[in-house]
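The structure under discussion appears below in the form of structure tokens.
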Amino acid sequence: MKLTLITGTMLIVTTAASSARNFTVAAFANVRSHTSTSSSSGVLKIRPSFFSRSASTLSMSSEDEFDYDYLVIGAGSGGLASARRAATYGAKVAVVEKGRLGGTCVNVGCVPKKVMWNAASIAETLHDMKHYGFSGYDSDAISFDWSFIKENRDKYILRLNRIYERNMANSGVVNILGTAALADGGKGVVVTPEDGSDPVTYKAKNVLIATGGYPTFPEGEGIREHSISSDGFFELEELPAKAVVVGAGYIAVELAGVLQALGTDTSLVVRKEKAIREFDEVVADTLDDEMQRQGINIYRNTNGVEKIELDSDGLKKVTLQNGEVIEGVDAVLVATGRSPLVEPLNLPGAGVEQMNGGQIVTDDYSATNVDGVFALGDVCGNVELTPMAIAAGRRLADRLFGGPEWKDAKVSYEYVPTVVFSHPPIGTIGMTEPQAIAKYGEDKIKVYRSKFANLYYGPWQVEADDKPKSAMKLICAGEEELVVGLHVIGMGADEMLQGFGIAMKMGATKAD
């Protein structure tokens, strides 16, 4: 196998294979598919993601050695953070990805969601402006153009994709385009190019699985055919006039809040009594009240959707398991759960242990039961948050490549701050009240509560009960009143949580 560097284009790896193998140089295959390349000279083309390395590092290992010190499967936030950190220690690193760089968070998650949350927040401010002496909201002077924000949001995401690619290049990380699977027995990674050419097997001393997850649909007549997932939300070309959001988790309440604020007649369908039931009751109940105040129709105790049909006008008819029917619906958004993206990985063949739901089992150090194979992020189903995956990825790279001083490096999954960008936003860290009672005992717990209208609503000349509320709860344990749980909902809760998160990590008490 021989390496040839073609300046400014790509690295050519010449092989003895009789048929051509090539990876497209397009960083974003589904956006710039016209840039795909082909070859008839029996070469393997890899995207130019490592030109910052010296010439001495551009030689493959001999056949009985490893091709890479670290091969990462999945170019999401956790995988890329780990790969780039490993490269800083001089490790020879590659990342395998078949889609756009950045994973769920950048492309169909946190980032575009926050853009839409910002748009919805501006809409709410415009609605409120009359309380501060501004007029014109009810005139034709103010309008909202969904296609405008979608186009500019998508351009922003594309720019982030390119930044990720440049960062990889600057870090000296090889970027391989294709679908990866572990070889039988976990010895090697088989990459299948997207163009259908022959698979290529790489040997790596350490392999990280960071493939994330994907949205799932419940069973039922017409549900998959006539609904969209949270991914599909970002493909909508126009604002639906009437929408049904199915689900009780944070994704469901976030997108329902965005749609309602931007002018969609929005219904939220939950299986039981209310949404975000796993959160502390102070935020779940307050959000429930606020969603109703904003005009979201909540269908409760439905046990989910039975079927979705199209009527003669092309609109959707949603029949719930409890017999209720919602008609004349433009869009049905299903956000009932996510699954780990493990199907292509050949985990059973490699002997990697999984949970019943498919999640990969790891220890505190992100190690699987197979020597040299690691996993982190949503594919493990622990704490499914982007900053958590980034932290876990960096600690793993530190431990593997950072020398003896990092031999015990690992991430802590305790007291992880979480923000839900609902309307209003939620910030939470630590235990709920029932969890604290279960751990410490009811007699060892003291709870402090507060509910109030934010100063922002002070000038509003409306009844006090009609003003949006903020709510806070502090859960303390023991005589020293160690803070073990903090939950807040209301304007600014998302930013407020950062300082509290640091304090609780440092063992803050109520007196602190």
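Normalised by 2.2 N^0.38 Å, where N is the number of residues, the alpha-carbon radius of gyration of the range 61-134 equals 1.89. Under the criterion of Cα pairs below 8 Å and six or more residues apart, the relative contact order for the range 369-504 equals 22 percent. The mean sequence separation of alpha-carbon pairs under 8 Å and at least six residues apart, normalised by the residue count of the range 78-182, gives a relative contact order of 53 percent.
Which entries in LYS150/LYS473; LYS316/LYS473; LYS410/LYS446; LYS98/LYS187 show an alpha-carbon gap greater than 30 Å? The answer is LYS150/LYS473; LYS316/LYS473; LYS410/LYS446. A straight chain from TYR156 to LYS205 at 0.36 nm per residue would run longer than the Cα-Cα distance by 14.0 nm.
Counting every pair of alpha carbons in the range 168-261, the share spaced more than 21 Å apart comes to 58 percent.
Shown in residue order for the range 398-413 are the 3J(HN,Hα) couplings computed by the Karplus curve 6.51 cos²θ - 1.76 cosθ + 1.60 at θ = phi - 60°: 4, 5, 6, 10, x, x, x, 5, 10, 5, 10, 5, 7, 9, 9, 9 Hz (x for Gly and Pro).
Relative to the current alpha-carbon distance between MET129 and THR216, full extension at 0.36 nm per residue lengthens the span by 27.4 nm. Straightening the chain between TRP460 and GLU495 buys 10.2 nm, computed as 0.36 nm per residue apart minus the Cα-Cα spacing.
Placing pseudo-labels 7 Å out from each Cα toward the beta carbon at ILE502 and ASP138 gives an inter-label distance of 4.7 nm.
Taking 24 Å as the straight-line reach from the Cα of LYS317, the lysines in range (excluding those fewer than 8 positions away in the same chain) are LYS242, LYS272, LYS274, LYS307. Note on ASP330: accessible area approximately 60 square angstrom, rounded to 10, probe 1.4 Å, nucleic acids and ligands left out. Take the chain with all the other protein chains still there, run a 1.4 Å probe, and you get 47 Å² of accessible area per residue. Ellipticity at 222 nm from helices only: DSSP H runs of n ≥ 4 in the chain, each -39500 (n - 2.57), divided by the residue count, give -8000 deg cm²/dmol.
As a rough guide to protection, the peptides 268-279, 151-162, 299-310 ranked by mean Cβ packing within 10 Å, highest first, stand as 268-279, 299-310, 151-162. Of the two radii for the range 362-512, the radius of gyration is 1.08 times the Kirkwood radius, both from the alpha carbons; that is the Rg over Rh value. If you filter the range 443-512 for GluC sites (Glu not before Pro), then keep DSSP loop positions with at most 14 other Cβ within 10 Å, what is left? In loop regions of the range 443-512 (DSSP not H, G, I, E or B), the sparsely surrounded GluC sites (Glu not before Pro) are GLU463, GLU479, GLU480. Here the peptides 228-241, 79-92 are ranked by packing, the mean other Cβ count within 10 Å, and the order with the highest first is 79-92, 228-241.
What separates the Cα centres of the range 257-301 and the range 103-171 is a distance of 22 Å. With the largest listed first and rounded to whole Å, the semi-axes of the equivalent ellipsoid of the range 102-229 from the Cα gyration tensor are 44, 21, 13. For a straight C-alpha distance cut-off of 15 angstrom, the aspartates and glutamates reachable from LYS510 (same-chain residues fewer than eight places away being disregarded) are GLU479, GLU480, GLU481.
For LYS130, the lysines whose Cα falls under 21 Å of its own Cα, not counting residues fewer than eight places away in the same chain, are LYS467, LYS469. Taking 4.7 Å between C-beta atoms as the pairing limit, the chain has these partnerless cysteines: CYS380, CYS476. Based on Cα contacts under 8 Å between residues 6+ apart, the range 346-443 shows a relative contact order of 15 percent. If you take the alpha carbon atoms of the range 406-464 and fit the smallest convex hull around them, that volume is 169 Å³ per residue. The ASP512 and TRP406 beta-carbon pair, evaluated with R₀ = 30 Å, returns a calculated FRET efficiency of approximately 0.45. Its residue count N sets the reference 2.2 N^0.38 Å, and the alpha-carbon radius of gyration of the chain equals 1.08 times that reference.
The values are calculated or read from the model by the stated rules, or taken from the named source; none is laboratory data. Quick caveat: nothing in here was measured; it's all calculated off a predicted structure. Because the Cβ atoms are built from the backbone with ideal geometry, glycine has one as well, and the counts that use them run over all protein chains shown. Side chains included, ligands, DNA and RNA excluded: accessible areas come from the protein's heavy atoms. Shrake-Rupley method; radii C 1.70, N 1.55, O 1.52, S 1.80 Å.
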